[in-house]
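The values are calculated or read from the model by the stated rules, or taken from the named source; none is laboratory data. None of these values were measured; they are calculated from a predicted model. With ideal geometry, Cβ positions are generated from the backbone for all residues, glycine too; neighbour counts draw on all protein chains shown. Surface accessibility is based on the protein's heavy atoms, side chains included, excluding ligands, DNA and RNA. Shrake-Rupley method; radii C 1.70, N 1.55, O 1.52, S 1.80 Å.
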Amino acid sequence: IPLVGRFLRKGGAVFHRRSFAGNALYTNVFMKYLATIMARGHSIEYFVEGGRSRTGRLLQPKTGMISMTVRSYLRDPRRPVVFVPVYFGYERIVEAGTYVGELSGAAKRKESIGDLLRALRVLRQKFGRVYVNVGEPIPLDAALQRQVGNWREERIDAEGRAPWVSAVVDDLALGIMRNINAAAAITPINLLALTLLAMPRQAMSEGELARQCELYLDLLRRAPYDPRVTITDLDGAAIIAYGESMKVLQRQSHKLGDLLRISDEMAVLMTYYRNNVLHLFTLPSLIACAFIANSVVRTEDIQRLAWRVYPYVAAELFLKWREDELAGVVLQLLHALAGLGVLERLEAEDAWRRPSPSAPQAVQLSLLAQASVQTIERYYLAIATLTHAGSGVLGARALAERCQLVAQRITMLYGFNSPEFSDRAMFDNFISLLLQRAVIRTDDAGKLVYDEVLMRVAADAEFVLSEQIRHSILQVTRAA
């Protein structure tokens, strides 16, 4: 952009091409420049996602800059390098409307001076606070040591390449993303989005809304996701007042008590703020999902469900726990939920019981489940689409395309206010993980084949989904 580029350069910005492919000289010069900056001890900031998230979730990392940083260091490892993950949390974003349009299929508009000048009017609007939290730093030497114990003695070429470098880069990329999420900020807007989007018409009584927000806060205090997560100090009533002041909530008067709601347009925007912190509630929400269609669930069934689903949600949301830590974390969350009164421990049966359907705590548990039920629905949709087509019929790309079309149709029929439900990238990632974990395979023709392993995954998804939801997904899948 004219004028703006010069201003950014004076502020320390470094412009580079989107792709370095096919230009060895440009790549070499850029890496030399990067190595020079690092050798002088200057800080370098870059965004490993490679672009702005339109859904509020972290995107899969683009490893180009990380790779160049590692290779530059390997060529001249004089100064220690440390990656410092940083979480940015917004109460309202200026580009919210643009993001929703792009998710709905609109093309991304190219920036211009005119857009910049027109954007000045936002200075008169209220956008709340920006939260900047620093995640746990990752020393590059430690990452190298984990992958290659004697890395200083290993041979590398003149450009810092070696067979093991890509493994180091991938490990760093995942570690950075997990540490960004582990430093999340819980704001009043996040909590309002999380709560109201779980309601069919995005409306609740004032008392119920306040209690649900306080339940989420108490849950995070009883079973913290990470010490670096920051939590608002407002209570439920103050959170509602703040939401009204930010023009996020609409108050609807009624003789039996006021209702608080978000408009249909705002509901789509609020998915962004919900998704900013969705990872903090995903595991307790998965536990709550086990009680959607079951009043009593054994501990071993909950653990099996968590073990089956966790690898996929962990990869999608960059959750921090290793799979061998999962059983202990699930038990901690079960006891926290029991302490909050939304579950009851049955010692003799080694099981857990949900509250009576008429109890307020039953509603709270159901709302908690809604935070991840769409994720399980998306997984079930993909599995149902594949099994309906048959083994050896569809390739990975064709399956992802069909899943997207089915998801779009379900959204049109049932009115999900969640743009990422039909996001093609979500299906691509899930199918890739199924392949990585050998749940499905490709035959010689590149088609997807499966056996009873996939059926067990489908059975666990059915265990937590209500009959009505399963029937709806199957009906649309078979009609596609």
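Could you tell me whether region 115-128 includes any residue that is more than 25 Å from K320 (Cβ to Cβ), over 31 Å from the mean Cα position of the chain (by Cα) and β-branched (V, I, T)? No - not one qualifying residue is present in region 115-128. Only one of the listed residues (A327, A315, A293) is part of a loop (DSSP other than H, G, I, E, B), open to solvent by 10 Å² or more (accessible area, probe 1.4 Å) and either β-branched (V, I, T) or out of contact with any Gly (no Cβ under 6 Å at 6 or more places or on another chain) (or both). That residue is A293. Looking across region 422-468, the residues that are outside any loop (DSSP other than H, G, I, E, B), open to solvent by less than 50 Å² (accessible area, probe 1.4 Å) and touching an Asp or Glu at 6+ places or on another chain (Cβ under 8 Å) come down to M426, F430, V449. Among the conditions (1) part of a helix (DSSP H, G or I); (2) surrounded by 16 or more Cβ atoms within 10 Å (Cβ to Cβ), L405 misses just one, which is (2).
Filter region 148-160 for residues that are surrounded by fewer than 14 Cβ atoms within 10 Å (Cβ to Cβ) and touching a residue at least 24 places away in the same chain (Cβ under 8 Å); which is farthest from F30 (Cα to Cα)?
Filtering region 148-160 for residues surrounded by fewer than 14 Cβ atoms within 10 Å (Cβ to Cβ) gives 149-150, 152-153, 155, 157-158.
Remaining after also requiring touching a residue at least 24 places away in the same chain (Cβ under 8 Å): 152, 158.
Numbers: R152: 24, A158: 14 Å.
Looking at the filtered set, the residue picked out is R152.
Residues of region 469-480 that are aliphatic (A, V, I, L, M) and either surrounded by fewer than 18 Cβ atoms within 10 Å (Cβ to Cβ) or under 22 Å from R397 (Cβ atoms) (or both): I473, L474, V476, A479, A480.
Among (1) surrounded by fewer than 19 Cβ atoms within 10 Å (Cβ to Cβ); (2) over 20 Å from A293 (Cβ atoms); (3) in contact (Cβ under 8 Å) with a residue 60 or more places away in the chain, there is one condition T385 misses while meeting the rest; what is its number? If we test T385 against (1) surrounded by fewer than 19 Cβ atoms within 10 Å (Cβ to Cβ); (2) over 20 Å from A293 (Cβ atoms); (3) in contact (Cβ under 8 Å) with a residue 60 or more places away in the chain, just (1) comes out false. For Y272, are the conditions met, namely being of a type outside the set (D, E), modelled with pLDDT under 95, in a helix (DSSP H, G or I) and touching a Ser or Thr at 6+ places or on another chain (Cβ under 8 Å)? Against the criterion (of a type outside the set (D, E), modelled with pLDDT under 95, in a helix (DSSP H, G or I) and touching a Ser or Thr at 6+ places or on another chain (Cβ under 8 Å)), Y272 qualifies. Quick one: would you say L334 is more than 30 Å from D170 (Cα to Cα), open to solvent by less than 10 Å² (accessible area, probe 1.4 Å) and at pLDDT 95 or above? Judged against the criteria, L334 is a match.
For region 114-142, filtered to residues that are out of contact with any strand residue (DSSP E or B) (no Cβ under 8 Å at 6 or more places or on another chain), over 30 Å from N190 (Cβ atoms) and hydrophobic (A, V, I, L, M, F, W, C), the residue that is least open to solvent (accessible area, probe 1.4 Å) is A142. Within region 193-210, the set of residues being part of a helix (DSSP H, G or I) and closer than 22 Å to E91 by Cβ comprises A193, L194, T195, L196, E206, L209, A210. Taking the listed residues Q202, Q145, the one that is at pLDDT below 95, buried (at least 19 other Cβ atoms within 10 Å of the Cβ) and out of contact with any Cys (no Cβ under 6 Å at 6 or more places or on another chain) is Q202, with no other qualifying.
Contact map, region 258-276: residues that are within 17 Å of A241 (Cα to Cα) and open to solvent by 30 Å² or more (accessible area, probe 1.4 Å) paired with residues that are part of a strand (DSSP E or B) and not polar (S, T, N, Q), Cβ distance under 6 Å, separation 6+ or inter-chain. Pairs shown: D258/R251; L259/A203; R261/A203. If only residues of region 161-192 that are modelled with pLDDT under 95, among the small types (G, A, S) and assigned to a helix (DSSP H, G or I) are counted, the one that is nearest to D226 (Cα to Cα) is A167. Of all residues in region 27-81, those satisfying the criterion of being small (G, A, S) and closer than 30 Å to I93 by Cβ are S43, G50, G51, S53, G56, G64, S67.
Taken over region 238-284, residues that are in contact with a Leu (Cβ under 7 Å, 6 or more places away or on another chain), closer than 30 Å to A327 by Cα and hydroxyl-bearing (S, T, Y) amount to 2.
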